[in-house]
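**Student:** I'd like to ask you about the structure that follows.
Values quoted throughout were computed directly from the atomic coordinates according to the rules given, and no laboratory measurement underlies them. Computed from a prediction, not measured in an experiment: that's the story for all the values here. Note: ideal-geometry Cβ built from the backbone for every residue, glycine included; neighbour counts use all protein chains shown.
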């Protein structure tokens, strides 16, 4: 009796080249950033266009304009910018920068006067105005606020003994005689006072401003950014694996023809693919912003130095990334037999080899 010996068919997978895997991850990350940006703009628009969002925006806009510390930029659909940022971006002449700053300071003091010194005002509280005005005098009528020229000769920027008829500080002629320019007054006196003092008073003394800005910042940091970040992770790193089922590929891996196989050298099941995504999503993507990217660094280190060049997720689940340029990944042995050129009765043996 002659026994028939069936020839075995070997299917060889090659490990995906390291540089392709890195580039695939870079492509995925770029898609992630693009998706994050689109989602963030969309979600922010939804929040700002809600009834509460519009109300907060309108109240903030009114307070900022009334305070005098912000100006409308007509060329940007009347977007508001604080006066210092406006000067820095549009860079007018030094005299104009100085005039803009003086106007902002005087308007803020006038605004506080009307808000706190008017008995008919809802926020009548003269002591609040005294705090703001006295700090103004302490700042500008300070003998330590000096202009020093190249000869190391100094003079006060402002007249220490006088104010004008409106109670505002007067620039010292002595400083100009020593060579002080408008830009010196702007950079060393007006700009620091607005940024360091008046912006602080805007938050701490002006009624409702702190609560309104807190609401805006809370929506940004606890709603808009987290939702955009989390959804982007799902859309870029999970949804494509449902589209490219064979090899559970993301967009980057599809571009570079890289797929995943499990320990049996076939396509990972949905459960394994979902587990891989959860490990990546919760232990890497979501933790990375709070841990200085340490999870990504660990995963990349494993991908470089581990025996099978596996990242953290693949190492945990015993998965490998292989090159699918010349051969596709099979769902199971039956799928391999059906798709092989040889007779389907032959045994199928899988193996891997390095592709450095």
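**Student:** Compare the peptides 106-118, 46-58 by average per-residue count of other Cβ atoms within 10 angstrom and give them in order, highest first. Write down the numbers at each step before the final one.
**Tutor:** Working: 106-118: 17.9, 46-58: 13.4.
Final packing ranking: 106-118, 46-58.
**Student:** Calculate how many DSSP beta bridges within the chain are antiparallel, expressed in % of all such bridges and rounded to the nearest 5. If you can, show how the numbers build up before the last one.
**Tutor:** Values: 15 of 21 bridges.
Approximately 70 percent, going by the DSSP bridge assignments.
**Student:** Once you sort the root eigenvalues of the Cα gyration tensor of segment 170-246 as a ≥ b ≥ c, which label holds: rounded (a/c under 1.5), prolate (a/b larger than b/c) or oblate (the other case)?
**Tutor:** On the way: a/c = 10.61, a/b = 2.58, b/c = 4.12.
Oblate shape, in that a/c is at least 1.5 and b/c is the bigger or equal ratio.
**Student:** What is the spread of the Cα atoms of segment 52-207 along each of their three principal axes, largest first, in whole Å?
**Tutor:** Answer, in whole Å and largest first: 58, 39, 23 Å.
**Student:** Take 215, 282 and order them by how many other Cβ atoms sit within 10 Å, fewest up front.
**Tutor:** Lowest to highest Cβ neighbour count: 282, 215.
**Student:** Highest first, please rank the peptides 260-269, 137-146 by the mean number of other Cβ atoms sitting within 10 Å of their residues. Could you put the intermediate results ahead of the total?
**Tutor:** Working: 260-269: 18.8, 137-146: 14.3.
Averaged packing, sorted descending, gives the order 260-269, 137-146.
**Student:** Also: Segment 301-327 to segment 45-107: how many Å between their Cα centroids?
**Tutor:** So the two Cα centres are separated by 53 Å.
**Student:** Give me the Kirkwood hydrodynamic radius of the chain in Å, from all C-alpha pairs, to one decimal place? Please report the intermediate quantities before stating the final value.
**Tutor:** Values: mean 1/r = 0.0379 Å⁻¹.
Answer for the chain: a Kirkwood hydrodynamic radius of 26.4 Å.
**Student:** Cut-off is 10 Å between beta-carbons; in what order do 255, 105, 43 appear when sorted fewest neighbours first? Don't skip to the answer; put the middle values down first.
**Tutor:** Details: 255 14, 105 24, 43 18.
Lowest to highest Cβ neighbour count: 255, 43, 105.
**Student:** Taking a ≥ b ≥ c as the square roots of the Cα gyration tensor eigenvalues, with a/c under 1.5 meaning rounded and otherwise prolate when a/b beats b/c, else oblate, which class fits segment 24-124? Let's see the in-between values first.
**Tutor:** On the way: a/c = 3.76, a/b = 1.63, b/c = 2.31.
Judged from the Cα gyration tensor, segment 24-124 comes out oblate (a/c at least 1.5, b/c at or above a/b).
**Student:** Right, something else. Just rank 241, 62, 291, 250, fewest to most, by other beta-carbon atoms within 10 angstrom.
**Tutor:** Working: 241 20, 62 10, 291 13, 250 25.
Taking fewest neighbouring Cβ atoms as first place, the list is 62, 291, 241, 250.
**Student:** Based solely on C-alpha atoms, express the radius of gyration and the Dmax of segment 236-313 in angstrom.
**Tutor:** Rg and Dmax of segment 236-313, Cα atoms, are 12.8, 36 Å.
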